[in-house]
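Coordinate-derived values only; no laboratory data. Predicted, not measured: the structure shown is a model, and the values here were computed from it. Heads up, the Cβs are rebuilt from the backbone with ideal geometry, glycines too, and the neighbour counts pull from every protein chain shown.
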Amino acid sequence: MKRSLLSLTLVVGAITSIVPGQQSGADAAATREDILRLFDAMQVRSQMKLVMVQMTQQIKAMSHDELKRSNAKLTDAEIAKMDAMSEQVTKDMPVDGMLDDMIPVYQRHLSKSDVDAMIGFYSTPTGQKMIREMPAIAAEGMQAMQPRLLKQMDEAKEKIEQMAREGAQKQQKSAPPSATPKN
């Protein structure tokens, strides 16, 4: 029984991967206006701004931790200046331009009926809850991943330093001995 179910699953999977997802009249390509309606339903502009602010906060926290661990000798004023610069970069992000850049990507991956269904979902109480909760989910997710990311960064930094040490040692070994003047 399990073997038959597995075979059926493989056959269906093979057929769906071979037959291209052609868009019929009912499944026409999403227009720019369709995608903009989706962005409005998903409150993408405000969500992007919230996520960027939260990411900036997380990046600042990670940077502060890294500075402390590396024993960087920065003054409080220098750190405050770095933080202010990070906040300014976030404020200067061209959200509308970034959304314009994303429209063709959405159009390549979503049909008009996909967009309409998503707009329908994001118009429901559950969809609205998802929109409200997504920034907190993203922030908590970043915070949960921070220890792992810091560990990865430390390991990558150590590998790079090791490679640099090995490269320097190879150069020293292959360098011709310097000519010493004879007296």
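Of Lys49/Lys151; Lys73/Lys173; Lys68/Lys159; Lys91/Lys157; Lys112/Lys151; Lys91/Lys151, which pairs sit farther than 32 Å apart, going by alpha carbon to alpha carbon?
Lys73/Lys173; Lys112/Lys151
Suppose the chain between Ala77 and Lys60 were pulled fully straight at 0.36 nm per residue; how much longer would it get relative to their current alpha carbon spacing?
Here the answer is 4.7 nm.
Step through the residues of segment 147-153 one at a time and calculate ³J(HN,Hα) from phi using the Karplus curve (6.51 cos²θ - 1.76 cosθ + 1.60, θ = phi - 60°), rounding each to whole Hz and writing x for Gly and Pro.
Each residue of segment 147-153 in turn: x, 5, 5, 5, 4, 4, 4 Hz.
Taking 25 Å as R0, compute the FRET efficiency from the Cβ-Cβ separation of Val53 and Thr31 and round it to 0.05.
In this case the efficiency is close to 0.20.
Please work out the FRET efficiency for the pair Ser86 and Met130, using the Cβ-Cβ distance as r and a Förster radius of 25 Å; give the result to the nearest 0.05. Mind showing how you got there, number by number?
Values: r = 28 Å, r/R0 = 1.13.
It comes to 0.35.
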